[in-house]
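The values are calculated or read from the model by the stated rules, or taken from the named source; none is laboratory data. Keep in mind the model is a prediction, meaning the values are calculated, not measured. For neighbour counting, all protein chains shown are included, and Cβ atoms are generated from backbone atoms with ideal geometry for every residue, glycine included. Surface accessibility is based on the protein's heavy atoms, side chains included, excluding ligands, DNA and RNA. Shrake-Rupley method; radii C 1.70, N 1.55, O 1.52, S 1.80 Å.
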Amino acid sequence: MVNDKRPTPIPLATVGGFLGSGKTTLINHLLSQANGRRYVVFVNDFGAINIDLQLVETIEDDRISFSNGCVCCTLNDEFVGSVAEMSNRQDRPDAILIEASGVADPRALEASLKALEASNHVQLETALYIVDAGCFGQRDYAEVEMLIDHAATSDLVLLNKSDLVSKQALDALLEEFSVAAPYAATLATVQSRVSPALLFGNSERPTRPEAKAGPHRHPDYHHWHYSGRDPMTRDALVELTKILQQHFFRIKGIVQSAADPTIWLSLQVVGTRAVIGQLPQGFTGKDAVEIVGIGIGPEMRGNELDRSLAAFEKTLKPTPA
């Protein structure tokens, strides 16, 4: 007699949200608080993951394995095959988490997830969407419409960074999303801190009308990259950040400290908020300065930015004696 019993599908959750909303913060929280659960996390890149080098077991080109049993993989064209292979292993993960791109429609993953569910490899339990409560009121009409459109197709909406707005503004946002996303639970959070139980263990997802894209046009996003071989002081990084904030609404970067080359600084910018931190001891980047920015429209690569950067770089070079 042939045993055609298929394995139990692996619980899966997706995490969407606009640039800087707190997706990576949520993933870092889950990885650091795994408590024996073995997660596999698919992300767009490893650049923003705050890797605790004490937990790292092996690092490959597209995968990081941790000593606590968790794994980070890059989200690429081989995603479906990778998940199928994981579900057939004896040391299967306890759950899978997928971080969608910050500028993409989370529904772009639907075809892949439906194929994996049909083959019994996974079971989508929660589609989570994170909204930056602090920046929501600064968005233009098209961006606000896009955020609400994406949130309305989710199961759980986090109004993250809720500590950056007044109670009155937060209550208004909670009311707005309760109307705009009636099939989703809405929760105010700080630092994307939620219990994993909210993401996994929800096998009975609510039935909702078929999602359709809204009539608005999504903004045209452009990426920009800046690199350098010379370390930079913290003060210089602050000045560079002020320049870049005039052209981009999302900036990420790593910079080697000129004061102490063993120290690497991290740069995170969302709108008008900028945070310069320090990466874990032992971190080493490919170049001394690696910064990426995301803005709307081709004007971000205009002459004004080029002139500002040229003037800034002159200040970094020592004056001849």
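Using the Cβ-Cβ distance between Gln138 and Leu198 with R0 = 25 Å, the FRET efficiency computed as 1/(1 + (r/R0)^6) comes to roughly 0.35. Accessible area ranking (1.4 Å probe, heavy atoms, ligands and nucleic acids excluded), largest first, for Arg307, Arg37: Arg307, Arg37. Rounded to the nearest 10 square angstrom, Phe79 shows an accessible area of 10 square angstrom against a 1.4 Å probe. Below 15 angstrom from the Cβ of Gln256, what's the summed charge of the other residues (Lys, Arg +1; Asp, Glu -1)? That works out to -2. So, counting K/R as plus one and D/E as minus one, what does the shell of residues with Cβ under 15 Å around Ala169 add up to? Summing Lys and Arg as +1 and Asp and Glu as -1 gives -2.
Once the chain from Glu304 to Ser166 is taken as fully extended at 0.36 nm per residue, the excess over their C-alpha distance is 46.1 nm.
Taking packing as the residue-averaged number of other Cβ atoms within 10 angstrom, the listed peptides 235-244, 19-28, 168-177 run from highest to lowest as 19-28, 235-244, 168-177. For the stretch 118-166, what does the accessible surface come to per residue with a 1.4 Å probe? Please give it in Å². For the stretch 118-166, the solvent-accessible area averages 31 Å² per residue.
Between Thr284 and Arg229, the modelled labels are 1.7 nm apart [label points 7 Å from Cα along Cα→Cβ].
When the surface is traced with a 1.4 Å probe over the full set of protein chains, Glu125 keeps roughly 20 Å² accessible. Using 0.36 nm per residue and subtracting the Cα-Cα separation, the extra length available between Val238 and Ile263 on full extension is 7.4 nm.
Counting 0.36 nm for each residue step from Glu175 to Leu187 and taking away their Cα separation leaves a gain of 3.2 nm.
The alpha carbon centroids of the stretch 235-261 and the stretch 10-24 are separated by 26 Å.
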